[in-house]
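Structure record follows, encoded as structure tokens.
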Amino acid sequence: QVQLVESGGGLVQPGGSLRLSCAASGSISSISLYSMDWYRQAPGKQRELVAVISSGGSTNYADSVKGRFTISRDNAKKTVYLQMNSLKPEDTAVYYCHAERVRLVASSLNYWGQGTQVTVSS
């Protein structure tokens, strides 16, 4: 069993910051071979990809968060982070951590966290 546990969500005023963490545990010795992502889902909307960090450390972001969010990883701690600055009400959503490892001779491995609520409101 592999668990991804998100933390760091909460209520913040517009313009504020939050740092989300996603810690991997269980039968996973390392996340170094995994691409790690953050998704979010707002009420009544589809889940959307927010940020990706590859196993090699390259990053990509949704246009809506570019310049405001930063994804990073600490393989030694088996943890991925999402630093969110200049938060807007439209960033309100449940944020999910996702890990994927593509394997050449077997099906890919995919794991999801339970999500953490981020609410941006005055």
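The values are calculated or read from the model by the stated rules, or taken from the named source; none is laboratory data. As the structure is a computational prediction, the values presented were derived from the model and not from experiment. FYI the Cβ positions are ideal-geometry reconstructions off the backbone, even for glycines, and counts take in every protein chain you see. Side chains included, ligands, DNA and RNA excluded: accessible areas come from the protein's heavy atoms. Shrake-Rupley method; radii C 1.70, N 1.55, O 1.52, S 1.80 Å.
Summary of values
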read-out: Accessible surface of the range 2-97 [probe 1.4 Å, protein heavy atoms]: carbon and sulfur percent; value: 48 percent
read-out: Cβ-defined net charge surrounding Glu48, 13 Å radius [Lys, Arg +1; Asp, Glu -1]; value: -1
read-out: Per principal axis, descending, Cα span of the chain in whole Å; value: 49, 28, 26
read-out: Spin-label pair Lys45/Ser108, simplified geometry with 7 Å Cα→Cβ offset, distance in nm; value: 2.3 nm
read-out: In Å², nearest 10: area of Tyr111 left accessible to a 1.4 Å probe; value: 50 Å²
read-out: Cα-centre dipole for the chain with unit charges at Cβ (Lys and Arg positive, Asp and Glu negative), debye to 20; value: 140 debye
read-out: Accessible surface, the chain, averaged per residue in Å² (probe 1.4 Å); value: 54 Å²
read-out: Distance in nm between pseudo-label sites at Ser30 and Ser55 (7 Å out along the Cβ direction from Cα); value: 1.0 nm
read-out: DSSP beta bridge pairing in the chain, given as percent antiparallel to the nearest 5; value: 95 percent
read-out: Residues of the range 11-42 with amide N under 15 Å of the 7 Å Cα→Cβ point at Ser64; value: 38-42
